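The values are calculated or read from the model by the stated rules, or taken from the named source; none is laboratory data. This is a predicted model, so every value here is computed, not measured. Every residue, glycine among them, receives a Cβ derived from its backbone with ideal geometry; neighbour counts consider all protein chains shown.
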Amino acid sequence: MRIVGTKQQVRDAVAAGRGEGKTIGLVPTLGALHEGHLSLMRRSVADCDLTVVSVFVNPTQFGPGEDLDEYPRDLEGDASACEAIGVDLLFAPTVEEMYADDASTVVSVSELTEGLCGAYRPGHFDGVTTVVCKLLNIVLPDRAYFGEKDYQQLVVIRRMVRDLDIPVEVVGCPTVREDDGLALSSRNRYLSEEERAAAPALHQALQRGAEAAREGATGREVERVVARALAQEPLFRPQYIQAVHPETLKPLGDEAGPMVIAAAAHLGGTRLIDNVRVEG
């Protein structure tokens with residue numbers, strides 16, 4: 001595996017692979033890799049001839065007061081994990097490499113970013129779509145892999161790719177969980193022992209909502225079920241609980257049917273997100 005830090009090095013490596021008829025997979029990450037990230041890499045290695053992983057803590061997707069400076073960084077450990085899986089190229093650029101001093105272009109997806117996390121993290125998704133668009137233009141992959149834990153992000157990126165005619169297949173991969181149901185996240189390492197013990201309550205509450213949805217409950221009724229279940233764990237401070245349409249992300253309200261039940265909640269100083277999709 002090669003570790004490179006410049007856009008030109010990535011382009012040269014990908015061009016060489018293309019010249020040999022290889023298909024290209026991309027897994028964009030913020031680093032601090034865990035099993036959830038590794039599952040995306042394994043999928044890319046299985047699907048594609050050449051896998052590129054980016055490790056870049058992107059400042060434009062962090063808002064004021066968020067954990068940009070504290071976000072975990074472990075490039076050496078990340079590189080070891082990537083190499084063990086069979087990743088071909090690790091792209092670890094600096095902020096200066098990714099953004100010109102006078103950069104003034106932002107990629108923004110409207111409507112889909114207005115609710116859920118977008119309502120509480122202004123500018124976050126503009127940062128995500130801008131950096132993902134840049135990475136897609138740098139790597140020019142056949143497929144790009146994203147986890148379903150960040151469901152809104154996945155839907156937003158798919159819309160961006162469709163609207164801008166970017167020739168890439170966006171592959172969504174299932175959320176990877178601990179044995180007790182907690183969705184894997186780089187931020188889980190912030191949890192104290194007591195908070196970690198309480199953390200599975202978020203997924204358990206969403207599962208209660210999913211059971212209600214499968215029995216015909218409306219979106220609003222599902223939200224109340226989840227809220228009541230999560231209230232049984234007093235350490236959690238819910239930010240939002242919403243049942244939304246899987247494609248438009250619009251709240252279902254008094255409608256039933258297929259839905260994604262999504263929630264964000266603070267546990268101590270850590271913000272956790274999770275979701276469950278109900279097909280019908």
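Just a few scattered comments:
- Which numbered condition Asp179 misses (of (1) out of contact with any Asp or Glu (no Cβ under 7 Å at 6 or more places or on another chain); (2) surrounded by 20 or more Cβ atoms within 10 Å (Cβ to Cβ)): (2)
- The residue that is surrounded by the most Cβ atoms within 10 Å (Cβ to Cβ), among those in segment 121-145 that are of a type outside the set (Ser, Thr, Tyr) and more than 18 Å from Asp163 (Cα to Cα), is Val139.
- Test: residue in segment 217-226 that is modelled with pLDDT of 95 or more, surrounded by 14 or more Cβ atoms within 10 Å (Cβ to Cβ), touching a Lys or Arg at 6+ places or on another chain (Cβ under 8 Å) and of a type in the set (A, V, I, L, M): yes
- Of all residues in segment 124-175, those that are among the basic types (Lys, Arg) and in a helix (DSSP H, G or I) total 4.
- Sub-6 Å Cβ pairs linking a first residue in segment 127-155 that is more than 21 Å from Cys48 (Cβ to Cβ) to a second residue that is surrounded by fewer than 24 Cβ atoms within 10 Å (Cβ to Cβ) and of a type in the set (Phe, Trp, Tyr), at least 6 apart or interchain, number zero.
- Some residue of segment 60-68 being more than 27 Å from Arg187 (Cβ to Cβ), modelled with pLDDT of 95 or more, surrounded by fewer than 20 Cβ atoms within 10 Å (Cβ to Cβ) and hydrophobic (A, V, I, L, M, F, W, C): no
- Wholly enclosed helices (runs of 4 or more DSSP H) of segment 176-280 bearing at least 3 residues under 19 Å from Gly147 (Cβ atoms): 201-214
- Any hit, segment 126-149, residues being aromatic (Phe, Trp, Tyr) and either more than 21 Å from Asp47 (Cβ to Cβ) or not assigned by TED's automatic domain parsing to the domain that holds Arg42 (or both): no
Conditions (1) in contact with a Ser or Thr (Cβ under 9 Å, 6 or more places away or on another chain); (2) crowded, with 22+ Cβ neighbours inside 10 Å, marked per residue:
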{"position": "Arg196", "(1), (2)": "no, no"}
{"position": "Leu202", "(1), (2)": "no, yes"}
{"position": "Gln207", "(1), (2)": "no, no"}
{"position": "His245", "(1), (2)": "no, no"}
{"position": "Leu252", "(1), (2)": "yes, yes"}
{"position": "Glu255", "(1), (2)": "yes, no"}
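- Complete set of residues in segment 118-136 that are more than 15 Å from Pro64 (Cα to Cα), within 15 Å of the chain's Cα centre (by Cα) and of a type outside the set (A, V, I, L, M): Thr129, Thr130, Cys133
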